[in-house]
Every structure is written in structure tokens, then in C-alpha cells.
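The values are calculated or read from the model by the stated rules, or taken from the named source; none is laboratory data. Worth saying up front: this structure is predicted, and the values here are computed from it rather than measured. Neighbour counts run over all protein chains shown; Cβ positions are idealised from the backbone, glycine included.
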Amino acid sequence: MATGLEVRVPFCDHRIVEYAFNMPWELKALHGREKGIVRAAFADALPPAIVERKKSPYPKTFSPGYTALCTSYVRQILRDENSIVTHLFDRAALEALMDDPDSLPEPWYGQLMRGPQILAYLIQLDRWAKKYHVKLV
């Protein structure tokens, strides 16, 4: 990011994010597609190949090493009784997910958000809560 060009930043204005967050799902997924409203909004301004391409979310990896790394880190988090993760999520369900990351029948929050990406989300949640000293009451 220090030496590159980030073209998505103009679309990350907090007012746009808040507005989009509160849109009904039927509008966000217009015509049954992820980013459906965005696709419709830019259909006349972009080539069809761009408008119709499949969403490629981050993190997108199917590397067994990535899965093992995320699993190892989440196991560390679960040993920390002060972690927000231990209070928000069912430990048995997380253990089952770590034992078989491919066990989810459907993606969570997007077409590629499966086991490893959920574990990465938990890591981010844990780090965010620690950085900002989030406490559950």
C-alpha cells in the first residue's frame, strides 16, 4: 500500500459504507448476484466482462498451510480466557470447524467464506478487540 495505487478507496467513504450496510439484502444482491446493486449501477460505464466477473474476495486461499496457520492461531486464542472470541462463540463448534474446515455445507458471508476464512475472521476480531480494549459487559 505504501507504493501502490488503491482504486477502491474512493468507494470506502464511511457514509457510503453505512448506507450500503443498511440496504435490504434483496437490493444488495440484486438479480441474485453478489454486489448486484453495484453491478447494475455501473453496467453502462464498464465493459460487460468487468460487470459480470465473479467476485474474488480476500482472503482467498485454499492452501493447507494457510488453514493450518489459522487453526493454530485460533487454538491459541481459545486458550486465552480474556479473548472476546471465547465469550462470543461456541467453543465446541469452533473445535469442530478447526478439525474439519471443509465441513461447512454453504459459504458464510460470501461465496468463498468457508472454514479457513472464518478462522481468519476470528483472528481479526480478537486482534481488533485487544487493540481497542473491547470488553463485554
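Couple of notes before you dig in:
- Test: residue in segment 70-84 that is farther than 20 Å from TRP128 by Cα and not basic (Lys, Arg): no
- A Cβ distance below 7 Å, combined with a sequence gap of six or more or placement on separate chains, defines the contacts here; from segment 31-54, residues that are assigned by TED's automatic domain parsing to the domain that holds PRO107 and within 16 Å of PHE21 (Cα to Cα) reach no residue that is surrounded by 10 or more Cβ atoms within 10 Å (Cβ to Cβ) and at pLDDT below 90.
- Elements of type helices (runs of 4 or more DSSP H) contained in segment 33-96, each with 3 or more residues being surrounded by fewer than 15 Cβ atoms within 10 Å (Cβ to Cβ): 48-51, 64-79
- Residue satisfying condition, being within 11 Å of the chain's Cα centre (by Cα) and surrounded by 11 or more Cβ atoms within 10 Å (Cβ to Cβ), within set PRO116, PRO101: PRO116
- Picking from residues in segment 5-23 that are aliphatic (A, V, I, L, M) and either at pLDDT 65 or above or in a loop (DSSP other than H, G, I, E, B) (or both), the one that is farthest from the chain's Cα centre (by Cα) is LEU5.
- The set of residues from segment 97-126 being of a type in the set (Gly, Ala, Ser) and part of a loop (DSSP other than H, G, I, E, B) comprises SER103, GLY110.
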